[in-house]
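Structure record follows, encoded as structure tokens.
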Amino acid sequence: MAEQIARKEYDLSPLKNANLPMIWVLGGPGSGKGTQCDLIVKKYGYTHLSSGDLLRAEVASGSERGKQLNAIMEKGELVSLDVVMDLLKEAILANLPTSKGFLIDGYPRDICQGEIFEKEIVPCTVILFFNASDETMKERLLSRGKSSGRVDDNEETIMKRLKTFHDLSAPVVEHYKDKCKTFCAEQPPEQVFCGVSQCLDALQQQACA
Ligand code: ADP
Ligand code: MG
């Protein structure tokens, strides 16, 4: 059971004092979150963190916690939120000395995860929400699936992921609508990034003011 994985204590005061942008990046599977995050990292020097990548990296590290995680994931059970929060905290603190801000990609998956993040870490500064139709997302994932090697990029799983997104993640956008910037993600990546840049430039100006 995930509950048996040991929790750790973290001192998050350096993060609170640094007052860096903490940006949640939301959108359905295939909406282009990863693509936009890569462009943001290049231009703004933010640190890109995805909970899925952190979990896979922890397993690959061969640590005790990674072995326990692997056992849970192999059984197809959900990893407890506590562990995801710990991995996020560790990654944020490890990158803090050189980071200009954080992009949290694909998290929170539901409102509860958002509330816990803001309580245990820091409040989110702004949410970037990439809005694309189901047809567009499905098409992109099917074409990504030809080369990604990701087991979840097949038609049956894609339909399930889209449903989960609409049921759980879309309400996050509504719940946090005051902090949320929505971008039409149907256009080519460079065009989507134009709007994103305007938003992030404005954020940096506010921070300097
Ligand atoms: P996510 O991280 O939201 O699941 P990705 O960034 O991995 O989405 O993008 C999914 C697929 O769609 C990738 O193959 C990517 O190259 C492609 N893609 C991303 N953004 C766009 C876009 N604006 N227009 C066309 N294709 C895109
Ligand atoms: Mg992604």
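Only the coordinates and a few stated rules stand behind these numbers; no lab work does. Computed from a predicted model, the values in this text were never measured in an experiment. Neighbour counts are summed over all protein chains in view; Cβ atoms, including those assigned to glycine, are modelled from backbone coordinates with ideal geometry.
Observations, loosely collected:
- Shape category assigned to the range 73-209 from the gyration tensor of Cα positions, a/c cut at 1.5: oblate
- Label positions at T157 and A202, each projected 7 Å from the Cα along the C-beta direction, are separated by 3.7 nm.
- Measuring between alpha carbons in the structure, the pairs from K138/K163; K16/K177; K89/K160 lying more than 19 angstrom apart are K16/K177; K89/K160.
- Amide H contacts under 5 Å for S50, placed H, 5+ residues apart: D105
- Within the same chain, aspartates and glutamates fewer than 8 places from K43 are excluded, and of the rest, those with a Cα less than 14 Å from its Cα are E190, D201.
- Förster-model FRET efficiency, 22 Å R0, E190 and R150, C-beta, rounded to 0.05: 0.35
- Model label zone, N17; criterion: amide N under 20 Å from point 7 Å along Cα-to-beta-carbon; scope the range 88-122: 89-102, 120-122
- Residues in the range 103-113 carry Karplus couplings, in order, of 10, 9, 8, x, 9, x, 7, 8, 4, 4, 4 Hz; the curve used is 6.51 cos²θ - 1.76 cosθ + 1.60 with θ = phi - 60°, and Gly or Pro positions show x.
- Karplus-derived 3J(HN,Hα) values for the range 36-45, using 6.51 cos²θ - 1.76 cosθ + 1.60 with θ = phi - 60°, are 5, 4, 4, 5, 5, 4, 4, 7, 10, x Hz; glycine and proline are entered as x.
- For a label point 7 Å along the Cα-to-beta-carbon line of E174, residues of the range 24-47 with backbone N under 17 Å: 27-28
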